[in-house]
1. For region 1-57, which residues satisfy the criterion of being closer than 30 Å to Lys95 by Cα and of a type in the set (Ser, Thr, Tyr)?
2. Within region 90-120, track down each residue that is within 15 Å of Leu8 (Cα to Cα), outside any strand (DSSP E or B) and within 12 Å of the chain's Cα centre (by Cα).
3. Among the numbered criteria (1) within 18 Å of Asn3 (Cβ to Cβ); (2) of a type outside the set (Asp, Glu); (3) exposed (fewer than 13 other Cβ atoms within 10 Å of the Cβ); (4) touching a residue at least 40 places away in the same chain (Cβ under 8 Å), which one does Ala56 miss?
4. Could you figure out which of (1) free of Cβ contacts under 8 Å to residues at least 24 places away in the same chain; (2) touching a strand residue (DSSP E or B) at 6+ places or on another chain (Cβ under 6 Å); (3) β-branched (Val, Ile, Thr) isn't true of Ile44?
5. Does Thr37 satisfy being exposed (fewer than 13 other Cβ atoms within 10 Å of the Cβ), among the polar types (S, T, N, Q) and under 14 Å from Ser107 (Cα atoms)?
Amino acid sequence: MTNLKKPLYEVPVPSTEFEGTTSVCNGVIRFQYYRDTVLRRSGIEFKRVAATRTRAERCCTAWHIEGNYDKLVEIEGSPWVEEVRADTAERWKNKWEMHHYMIYLDSAGCFEVIAESWAAIAEETGLW
């Protein structure tokens, strides 16, 4: 198992410029920010989530930050995926692909998700 980090996506502005709290709910990471004096919102949505874990900023190691600061990466060769797949009920075990995604956002910490896929949420203006 190699645990290589493959870059997939970078947030639209540095997370140091995010407004308010970054929220994670139902397989979606949401964030908002100002650009050109307009409040904008965006996020990352995960499909068919099997597991999640979050580390507060103060509990992150260099591995949780380096290479994925403001970047969504896929952890290739993830032992966590193998652990979750092994624990999955037999009839669901191989029904969907499982990928280990990770992103570190300033002042929010590290978010990890095992899911079939991901997509960036199109930027919108205004409040959620």
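No lab work stands behind these numbers, since they all come straight from the coordinates. Just so we're clear, the structure is a prediction, and the values are computed from it rather than from any experiment. Please note: Cβ atoms are built from the backbone with ideal geometry, for glycine as well, and neighbour counts cover all protein chains shown.
1. Passing the criteria: Thr2, Tyr9, Ser23, Ser42, Thr52, Thr54.
2. none
3. (1)
4. All conditions are met except number (1).
5. Numbers: exposed (fewer than 13 other Cβ atoms within 10 Å of the Cβ): yes; among the polar types (S, T, N, Q): yes; under 14 Å from Ser107 (Cα atoms): no.
Answer is no for this residue.
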